[in-house]
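Written below as structure tokens is the structure these notes are about.
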Amino acid sequence: ALNETIIFYESPKRILATLTDMLEVFGNERKVCLAKELTKSFETIRTDIIENVIEYLSADLAHQKGEFVILISSADKIDLVDAENQLGKILPILCAEMGASKAAKLAAKITGIDKKHCYNKAIEL
């Protein structure tokens with residue numbers, strides 16, 4: 001698990017799917033900050049656990065409109081077993097979207113696991 005805040009930019013069409021994937025990968029322990037329409041008159045910032053942010057967005061379609069920035073809080077500590085579990089979940093998703101080398105590099109940043117180990121796992125898929 002990465003000991004740094006992670007920042008994502010997301011479109012309204014993918015926001016719920018992205019948060020659902022984040023819930024699966026990171027669990028519900030981490031807080032997220034969902035910032036919508038930054039620097040605009042309808043700017044909205046909501047900080048909560050991932051599950052509650054998903055409920056908020058699902059409650060009203062108007063909440064899903066606009067440009068989003070998602071900040072995921074850092075992990076408290078790196079747990080190797082947890083990091084391997086995360087790697088097993090995110091690596092197939094990343095490999096489906098990009099090459100093994102790029103997926104391994106990104107997975108290493110997210111999980112804190114060595115890039116070479118991530119690459120070896122990626123080419124096994």
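The values are calculated or read from the model by the stated rules, or taken from the named source; none is laboratory data. Fair warning: this is a prediction, and the values are worked out from it, not measured in the lab. Note: ideal-geometry Cβ built from the backbone for every residue, glycine included; neighbour counts use all protein chains shown.
Couple of notes before you dig in:
- Val32 being under 27 Å from Ala107 (Cα atoms), β-branched (Val, Ile, Thr), modelled with pLDDT of 90 or more and in contact with a Leu (Cβ under 6 Å, 6 or more places away or on another chain): no
- For Lys36: the one exception among (1) buried (at least 19 other Cβ atoms within 10 Å of the Cβ); (2) in contact (Cβ under 8 Å) with a residue 40 or more places away in the chain: (2)
- Gln86 being at negative phi, touching a residue at least 24 places away in the same chain (Cβ under 8 Å) and not assigned by TED's automatic domain parsing to the domain that holds Ile15: yes
- Here Cys118 clears all of (1) under 18 Å from Glu4 (Cβ atoms); (2) touching a Phe, Trp or Tyr at 6+ places or on another chain (Cβ under 7 Å); (3) among the hydrophobic types (A, V, I, L, M, F, W, C) except the condition numbered (2).
- Flag for Leu125 being in contact with a helix residue (DSSP H, G or I) (Cβ under 6 Å, 6 or more places away or on another chain), exposed (fewer than 14 other Cβ atoms within 10 Å of the Cβ) and not β-branched (Val, Ile, Thr): yes
- Every test in (1) more than 16 Å from Ile6 (Cβ to Cβ); (2) surrounded by 15 or more Cβ atoms within 10 Å (Cβ to Cβ); (3) aliphatic (A, V, I, L, M) is passed by Ala62 save one, and that test is (2).
- Some residue of the range 21-31 being surrounded by 17 or more Cβ atoms within 10 Å (Cβ to Cβ) and among the charged types (D, E, K, R): yes
Residues checked against (1) among the acidic types (Asp, Glu); (2) at pLDDT below 90; (3) surrounded by 15 or more Cβ atoms within 10 Å (Cβ to Cβ):
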site	(1), (2), (3)
Ser74	no, yes, no
Lys77	no, yes, no
Val81	no, yes, no
Gln86	no, yes, yes
Leu91	no, no, yes
Cys95	no, no, yes
Ser101	no, no, no
Lys105	no, no, yes
Gly112	no, yes, yes
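- Elements of type helices (runs of 4 or more DSSP H) contained in the range 1-112, each with 2 or more residues being under 23 Å from Leu125 (Cα atoms): 15-26, 80-97, 100-111
- Just one of the listed residues (Leu57, Leu125) is farther than 22 Å from Glu10 by Cβ and out of contact with any Phe, Trp or Tyr (no Cβ under 8 Å at 6 or more places or on another chain), namely Leu125.
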